[in-house]
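Shown next, in structure tokens, is the structure this report addresses.
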């Protein structure tokens, strides 16, 4: 899903009576892309992070190794797990 689509998807779910933030699990895959695009897609990425913070359950996932120095400020404090 493209960052801009999440609000539209949430709106559809809410119209059919689903409490998205408590009944759904948000998975942001390939989240390393946010770091690469943050400078020129700041608004949609910031909006995605704002919306994601409302979800009871969420995961940011990537198979691309990340250097902590390149993490965007909004995600610096989330727990990081490495699966081997």
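Inter-label distance, residue 33 to residue 47: 1.6 nm, where each label sits 7 Å from its Cα along the C-beta direction. The Rg/Rh ratio for the range 42-84, using Cα coordinates for both the radius of gyration and the Kirkwood hydrodynamic radius, is 0.96.
Model label sites at residue 24 and residue 69, defined 7 Å from Cα along the beta-carbon direction, differ in position by 3.8 nm. Remark: the chain is approximated by an ellipsoid whose semi-axes, taken from the C-alpha gyration tensor as √(5λ), come to 24, 15, 10 Å, largest first.
FYI, it's all coordinate maths here, none of it is from the lab. Computed from a prediction, not measured in an experiment: that's the story for all the values here. In this analysis, Cβ positions are derived from the backbone assuming ideal geometry, glycine residues included, and neighbour counts consider all displayed protein chains.
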